[in-house]
Structure formats: C-alpha cells, structure tokens
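The values are calculated or read from the model by the stated rules, or taken from the named source; none is laboratory data. For clarity, every value in this text was computed on a predicted model and none was experimentally measured. In this analysis, Cβ positions are derived from the backbone assuming ideal geometry, glycine residues included, and neighbour counts consider all displayed protein chains. Surface areas here come from the heavy atoms of the whole protein model, side chains and all, with no ligands, DNA or RNA. Shrake-Rupley method; radii C 1.70, N 1.55, O 1.52, S 1.80 Å.
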Amino acid sequence: MKKNKNLIEELLVFDAHCDTANVLYDQSSYFIKENKSHLNIEKARKGGLKAQIFALCVNPVYAPNRSIKKALLLYNALGKKLFSSGNAVKVTSTTETKSVLKKNKLACWLSLESGHIIENSTEILEFFYHLGIRCMTLTHTKNTDWADSSGDEPKHDGLNKLGRDIITKMNELGMVIDVSHSSDKTVEDVLEISSMSIMASHSCARSLCDISRNLSDSLIEEIANRNGYIGVNFFPGFLKKSINEQVMKNIEKNKEWFNKEIEGKEDDPDIINRAEMELYTKIVKNNDRVNSNAIIGHIVHIADIGGIDCVGLGSDFDGIPSTPTDITDVSCYPALVKGLFDRGFNENEIRKIMGLNLYNFLKQFDK
C-alpha cells in the first residue's frame, strides 16, 4: 500500500459543494476578516484538492425578485478573483475537467443554490445553463414557489406542477438535480419524475443525526439505486444530534439580538443576509466538537446502505460556521485520507470516496 503522502498526490480529490463565491464577493465576511476562508488556491494545493463544485449560494431573503442579480454578482466574483488568476478554470464536463487536471489547475464546476434564483422561469434556468452552470440545488432553508424545503413547513406536498416542469427541463438540458435541503416528499417526487440520476451534494445520514436536513436510509438507497451521488457535509451540527441541539438552543438564545439587528430593515436583503451570517458565528459558540471520525462515520453508513460507489465529499466549506477539529479547511484532506485508511477502507475505496465517485456521477451528464 502506498504511503498516504504519495496517495494524496495521485488522488482526484473532488468535493461537491462549497460557498466560497460568497467569501470572494463579500470581503467583509467573517471568513475574510478572521482569515478563516476554507478554500483558496494555496490551501487547495496543500490538501490535494483538484476539482470543486462552487455554489452560487443566494440567501432566500433575496426572493422573489432580487436573486438573479445576487447570483450574477457571485458569478462575477469567481471570474475576477479566482478564474482570472489562471490557477483555476471553469468547466462544464468531465472531458473539460480531465483537460484542466492535466495542466495542474483547479477544475471548477458551478451550481445554483437554490431554485429561487431562477424566479419561477425555465427560461432563466436555461440562461444559467448557457453561462456554464451545470447543477441546481432545488431549495435552501425556505420553500420555493414550487418545491418544499426540509427547513420549512410543507406548502406544496413536495413538488407542484411548476416544480415538475422544472425537473423535466433540467433533464432536457442535462443539468444535475441536487436535492440537499429538500424535504423528503420533494426528493421522492424528483425520484419519481427524473429520468436522470440525482445527487445530494452536501447531506448527511439521518440514522446517525436525526434531523430533517439529513437523508433517511430509504432515500439514500433510492438515490444510490439510480446511480446517484451523496456528498457528506462537514458541519458538526449535521454530523451529531447533540451538537445540532446546541445549535438550536443558540438560535433561540440569539433571536432577540437578531430581531433588533434587522428591525426596520426587513425590506433590505443585504442587511438581513449580513445579520444571518453573523448569527451563524454565534450559533456554534461553546458547542461540543467532533473530529474527522464523525465524517467517516457518515461515509461508512451511507456506503453500507447505498454501496461504496454512491458516497463522497460534500464539505460545504465556506458555508459552515464550524468544522471538525482536524478538518478545518481543504488543506486537511490528507488527514481524512489517513482516517479512512485507519477505518479499514482500502486504496481503491478511498479513491472513490475522495473524488472518483463524484467524477463518475457527473460523467453521466457529458454531452
């Protein structure tokens, strides 16, 4: 067996979700001010990260009609501050990915997070496809006008007619459907309608952390049976139920502070978004910690239910306010590789988990 150092150099480390575009756009963000951005070129090289799906993550507070502008500003930030450096290249297929990797550059896929960005229009969805976006997360923390979120009260019983039309359009375009954040019924409806495989780019296993945001065993099995992909989220609050309970208590504890921050400014999504970002730093204060074994536990469980070919990385780096103690940014992936070896995974299985599974999933969408 090769030494870990040699293996990390050879691995295709490919992660399914990060929110780094927001960090690049908002230089006043917590991650920049505290020098805690989880992903940059230097850290990517140190950790062996070779490919990444970058989300254009727009807070639902920008809905119903200010989301497109914010998404385009995030797109522009990636262009100006990442792609223009020459060290990272936007890609739209695994063929392009392979070409970029040969040049030792970071291959960057783009996704929309979430469905409110297209403002109920399949034409706007198509517009973003032609910009090079190849994935869309259907919902975020709130329902869209056509799909239910795991973080909101059910409104549509999953997908309504518009939602079904959007799924059909995504199939026609060859655009990846991402069901992270979606309600169970929304995921079930997608699986019924979609003619293509789907992914949950940054979700964990509900059996290990019983919250609605995570996937049930039955949904893990159904996604895997359709040659889908599940990327494990690194947020401790999704990895361990007791930490999630601490998060919820901190949200309640800081509710009065938050309401004062946005009082009289409810029509300004920028102010609300900024207050929510600050709230995220407060909800993890003094919480318990986990290490990479918690991530690996979810990987083991998902592989046990869906098979080794369905599971991989979905860190949510630069979108989570805390991380496991030994996986604090993308430079730490060698520690995860070591942990997988220690847990009994063989070299071939580790190659799949660290990126090959995601690459093979996306290969189904090449045209």
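Observations on the model:
- Alpha carbon convex hull of the chain, projected area averaged over orientations, nm²: 16.4
- Rg(Cα) / (2.2 N^0.38 Å) computed for the stretch 288-344, rounded to two decimals: 1.13
- Highest-fluctuation residue, ASP145, ASP326, ASP268 considered, GNM on the chain with Cα pairs under 10 Å: ASP268
- Partners for LYS161 among lysines (Cα-Cα distance below 22 Å; same-chain residues under 8 apart left out): LYS142, LYS169, LYS185
- For the stretch 149-216, a Kirkwood radius taken over Cα pairs fed into Stokes-Einstein (37 °C, viscosity 0.692 mPa s) yields D = 266 µm²/s.
- Among LYS50, LYS338, LYS240: highest mean-square fluctuation, GNM of the chain, C-alpha pairs under 10 Å: LYS338
- Note on the stretch 90-208: Cα-Cα pairs beyond 18 Å make up 51% of the total pair count.
- Expected 222 nm ellipticity per residue - DSSP helices of 4 or more, -39500 (n - 2.57), all of the chain, to 500: -13000 deg cm²/dmol
- The smallest convex shape that holds all Cα atoms of the stretch 15-158, its convex hull, gives 119 Å³ per residue.
- Simple rule: put +1 on each Lys or Arg Cβ and -1 on each Asp or Glu Cβ in the stretch 42-85, find the dipole, and look at VAL61, ALA71, ALA44; the Cα lying farthest toward the positive end is ALA44.
- With an a/c value of 1.5 or above and a/b larger than b/c for the gyration tensor axes a ≥ b ≥ c computed over the alpha-carbon atoms, the stretch 229-367 is described as prolate.
- Net charge contributed by nearby residues that have their C-beta within less than 12 Å of TYR229 (K/R +1, D/E -1): 0
- With every protein chain in place, the stretch 204-319: carbon and sulfur % of accessible area (1.4 Å): 44
- Cβ crowding within 10 Å averaged over residues, with 54-61, 170-177, 190-197 ranked highest first: 54-61, 170-177, 190-197
- Projected over every direction and averaged, the convex hull enclosing the alpha-carbon atoms of the stretch 114-172 yields 3.6 nm².
- Between LEU131 and ARG45, the distance separating the two model label sites (each 7 Å from Cα on the Cα→Cβ line) works out to 3.0 nm.
- Residues in the chain average 42 Å² of solvent-accessible surface per residue, probe 1.4 Å, ligands and nucleic acids excluded.
- Cα centroid separation, the stretch 178-242 to the stretch 308-367: 16 Å.
- The calculated P(r) of the stretch 263-323, using every Cα pair and 10 Å bins from 0, goes 18, 32, 26, 18, 7, 0 in percent.
- Equivalent-ellipsoid semi-axes of the stretch 76-119, from the Cα gyration tensor, Å, largest first: 23, 14, 6
- Proximity of backbone amide H atoms, modeled 1.01 Å from N, is registered between LEU56 and SER111, LEU112, GLU113 at under 5 Å, excluding neighbours fewer than 5 places apart on the same chain.
- Size of charge dipole - the chain - debye, nearest 20, with Cβ of Lys, Arg +1 and Asp, Glu -1, no other charges: 1560
- Taking the chain as a Gaussian network of alpha-carbon nodes connected by springs under 10 Å, the highest mean-square fluctuation of the residues HIS298, HIS130, HIS181 belongs to HIS130.
- Probe 1.4 Å - accessible area at SER37, Å² to nearest ten: 20
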